[in-house]
Amino acid sequence: MPQIPIEIDDEGYLRGVWPEIQTVTEAGQEVQVAETQLGGVTYSSEWFQYCGVQTYPGVAPDADQDNYFRYIDNSKYDWQNEEMSGGQKVHVDDFSDYETWGNGIGRDGLGKPAQASWRSQDVPPSGTMPVQIIRSERVEEMVSEPEQVHALLLRADVQGPRRVAVAGSRRPDLLSVPPVGVRPVQHRPEIVHCASAPGGRLT
C-alpha cells in the first residue's frame, strides 16, 4: 500500500507531496520522472506502480494536479457526510477532536479517519484515486521512535516502494495512502493519509 507524504499549507489545508518532474535518459531514451529524496529515501512516482494504483491518471509524472486532498461524497464515516461536502479540501482542524472521536466501533480516542481523493481533479470517476486519512497519536508514537522508522525504511529497500513509511513528513501525526483494501497507516504525529481502498475501521 503506497504511503503519501503529507504537508500542510499556511492556511492549514492538507496536500500530498509530489516530486518535481525531471527528464532522464533510460535505455537511450529521454523519459520524464517525478523523483526526489525524502527522509533518506528516494520518493518517486514509481511508489504508485502497485495494487492497481498505477492505473489512475494522477500518478503520471506530468499530471497537472494541485496535490490537495479533497473529501469524497458518500464516505463510510458519518461525521464526514454530515459536516463536509464532496470536493471540499481537507483541513487539519477537521481532526481537532481526534483524541476523543469514536464511531461506536472499538475504543474511542484512537484517532479520527476520513476518506478523500488525491490528484484527481477533472478526471472520470474511474480515474479518481481514493485516499484514507487518519489523525492519531499512534502515528506520532511511531514517528518518534527512530529505530522503528529506520527498520521500515530498510525493509522498503528490500521489499519495494509500497512498503516505505516516509520519515520526512512535516506532520508526524498524518498519514496518506491510495486504495488497496488495507487499513490506514500514520504520518504527522496525529494525522495519517493513506491511499488504500476506502474502508477499514479503527479498533
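Of the residues making up region 99-116, those that are surrounded by 20 or more Cβ atoms within 10 Å (Cβ to Cβ) and either in a strand (DSSP E or B) or in contact with a Gly (Cβ under 9 Å, 6 or more places away or on another chain) (or both) are Lys112, Pro113, Ala114, Gln115, Ala116.
Taking the numbered list (1) assigned to a loop (DSSP other than H, G, I, E, B); (2) at pLDDT 90 or above in turn, Glu82 passes all entries but (1).
With respect to the conditions (1) surrounded by 17 or more Cβ atoms within 10 Å (Cβ to Cβ); (2) among the acidic types (Asp, Glu); (3) in contact (Cβ under 8 Å) with a residue 60 or more places away in the chain, Asp94 lacks only one, and its number is (3). Among the residues of region 5-42, the one identified as within 21 Å of Asp64 (Cβ to Cβ) and in contact with a helix residue (DSSP H, G or I) (Cβ under 6 Å, 6 or more places away or on another chain) is Ala34. The condition of being farther than 24 Å from Gly12 by Cβ and either in contact (Cβ under 8 Å) with a residue 60 or more places away in the chain or outside any strand (DSSP E or B) (or both) does not hold for Arg138. Scanning region 117-135 for residues that are touching a Gly at 6+ places or on another chain (Cβ under 9 Å) and either among the aromatic types (Phe, Trp, Tyr) or in contact (Cβ under 8 Å) with a residue 60 or more places away in the chain (or both) turns up Trp118, Arg119, Ser120, Val123, Gly127, Thr128, Met129, Val131, Gln132, Ile134.
Does Val90 meet the test of being of a type in the set (Val, Ile, Thr) and at pLDDT 95 or above? Here the answer is yes, as Val90 does meet what is asked.
Would you mention how many residues in region 20-43 are touching a residue at least 40 places away in the same chain (Cβ under 8 Å), of a type outside the set (Ser, Thr, Tyr) and surrounded by 13 or more Cβ atoms within 10 Å (Cβ to Cβ)? Steps first, answer last, please.
The initial filter retains those residues of region 20-43 that are touching a residue at least 40 places away in the same chain (Cβ under 8 Å), namely 21, 38-41, 43.
Applying the additional criterion that residues be of a type outside the set (Ser, Thr, Tyr) yields 21, 38-41.
Okay, now just the ones that are also surrounded by 13 or more Cβ atoms within 10 Å (Cβ to Cβ), so 21, 38-39, 41.
Matching residues across region 20-43 total 4.
Considering only residues that are part of a strand (DSSP E or B) and under 18 Å from Gly127 (Cβ atoms), which ones fall in region 1-59? Correct list: Gly16, Ala34. Would you call Asp97 within 23 Å of Glu7 (Cα to Cα), over 14 Å from the mean Cα position of the chain (by Cα) and acidic (Asp, Glu)? Criteria met by Asp97.
Per-residue answers, yes or no, for (1) of a type in the set (Gly, Ala, Ser); (2) touching a helix residue (DSSP H, G or I) at 6+ places or on another chain (Cβ under 9 Å):
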| site | (1), (2) |
| --- | --- |
| Gly58 | yes, yes |
| Ala63 | yes, yes |
| Arg70 | no, no |
| Tyr77 | no, no |
| Lys89 | no, no |
| Thr100 | no, no |
| Asn103 | no, yes |
| Asp108 | no, no |
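The values are calculated or read from the model by the stated rules, or taken from the named source; none is laboratory data. In this text the structure is predicted, and so the values were computed from the model without any measurement. Glycine also receives a Cβ, built like all others from the backbone with ideal geometry; neighbour counts cover every protein chain displayed.
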